[in-house]
1. Can you report the number of residues in region 143-169 which are among the hydroxyl-bearing types (S, T, Y) and surrounded by 15 or more Cβ atoms within 10 Å (Cβ to Cβ)?
2. Only residues that are under 30 Å from A194 (Cβ atoms) and either of a type in the set (K, R) or part of a loop (DSSP other than H, G, I, E, B) (or both): list them for region 256-305, please.
3. Give me the helices (runs of 4 or more DSSP H) completely within region 121-236, filtered to those with at least 2 residues that are among the hydroxyl-bearing types (S, T, Y), ordered by residue number.
4. If I ask for residues that are in contact (Cβ under 8 Å) with a residue 24 or more places away in the chain, closer than 25 Å to L109 by Cβ and out of contact with any strand residue (DSSP E or B) (no Cβ under 8 Å at 6 or more places or on another chain), which ones from region 34-44 would you list?
5. What residue, among those in region 22-36 that are assigned to a helix (DSSP H, G or I) and of a type in the set (D, E, K, R), is farthest from L173 (Cα to Cα)?
6. Pick from A270, A297: which is surrounded by 19 or more Cβ atoms within 10 Å (Cβ to Cβ), modelled with pLDDT of 95 or more and either of a type in the set (A, V, I, L, M, F, W, C) or under 29 Å from G59 (Cβ atoms) (or both)?
Amino acid sequence: MIRTHDAAGRDLSALVEDFFRTTFATDNPLITEAVRRMLAAGGKRLRPRLALLAAEAGGGDPRAHLALAAYMELIHVGTLIHDDVVDGAQMRRGVNATAVDYGNRVSVLAGDYLFAWIFKNVTADYPAPIPHILSATLADITDGEVLQLRARGNLRLTVDGYVEIVDKKTAALFAASAECGAITVGAPALVCAALREYGKNLGIAFQMLDDVLDLTADEGALGKPVGNDLRERKVTIPLILALASGGTELRHEAERFFSSDATSADLAAAARLARAIVAAGGASKTHDAIEGYVERAKAALPALGNVPARAELGTLADGLARDSSRRTR
């Protein structure tokens, strides 16, 4: 994991964890317990780190904006709680999905309550345009989820169609985290726009890497079963790229798999299809795409000038590309 530090040398990730441990609580004890349980299961905390690094890049003290950074992670947690209900997921980050322990009804209400609690605090504590950016982002995330549901099992999904889904479902919150971190410290419009562009492209690259890991990582590292996306009939970028060059045998195997009923027997079939996708170059071609989006992210950074956070943001992007290389080469 890449570690990011503020100007005083303190680990920004540790600051976020301290904030969650000592400060986070809603007015509903059950929901607080469910959210804390999800937070304790881990996560990369990329969204809050982006917000804090952007605040530093804009000339502010990142330690003064931990609440805003925390809200970015909590929005993400709320979407995960809802995702697991929609997908019928059993595991998340190596522990039971929230719906497994609390049931679908409580999970849906917990996600709804968490979103409302976040926006109650954001609108009270932050001026425009931050509340508008975050509300628009949540709308984009929901739209992206609907697009993904409609594309489920569609082996004709194009790269452009996939990127449209990912741009909304994942990259929108990365972009908003970076942009709002800069806005809250009064950074110039050019810097805010550059950080939004950086966050968007980093978010797309991150989701592409997550899609590769679903095929190549072991369950312990992934925190959920390998091939989970395939069993949920999600058409992800490694599959799209493999189908483009993998010949008729791979396409027929994918068609048979996606047309079958989703059952526990999918475990072996999903593993076979995952191996076929990797063998057809799906993972290596995805790595090339990831590198392209990483370079786009880094191309936005010169607008920040020679601030220390620029180097940290570049390192963050390079680390993602290295992780991709280890998983695909």
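1. Residues in region 143-169 being among the hydroxyl-bearing types (S, T, Y) and surrounded by 15 or more Cβ atoms within 10 Å (Cβ to Cβ): 1 in total.
2. As a first pass, look at region 256-305 and keep what is under 30 Å from A194 (Cβ atoms): 285-305.
Result: K285, R296, K298, A300, G305.
3. Fully inside region 121-236 and qualifying: 130-150, 189-216.
4. Within region 34-44, A34, V35, L39, G42, G43 qualify.
5. Step one: list which residues in region 22-36 are assigned to a helix (DSSP H, G or I), which gives 22, 29-36.
Now narrow it down to the ones that are of a type in the set (D, E, K, R): 33, 36.
On the way: E33: 24, R36: 20 Å.
Looking at the filtered set, the residue picked out is E33.
6. One residue alone meets the criteria, A297.
Residue-wise test of (1) closer than 18 Å to H76 by Cα; (2) in a loop (DSSP other than H, G, I, E, B); (3) modelled with pLDDT under 90.
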position	(1), (2), (3)
M38	yes, no, yes
G42	yes, yes, yes
A51	yes, no, no
E56	no, no, no
A64	no, no, no
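For (1) touching a residue at least 24 places away in the same chain (Cβ under 8 Å); (2) touching a strand residue (DSSP E or B) at 6+ places or on another chain (Cβ under 7 Å); (3) more than 24 Å from Y293 (Cα to Cα), each residue gets a yes or a no:
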| position | (1), (2), (3) |
| --- | --- |
| N121 | yes, no, yes |
| A128 | no, no, yes |
| S135 | no, no, yes |
| E145 | yes, no, no |
| R150 | no, no, yes |
| D160 | no, no, no |
| A178 | yes, no, no |
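The values are calculated or read from the model by the stated rules, or taken from the named source; none is laboratory data. All values reported here derive from a predicted model rather than from experimental measurement. Glycine gets a Cβ as well: all are built from the backbone with ideal geometry, and neighbour counts include every protein chain shown.
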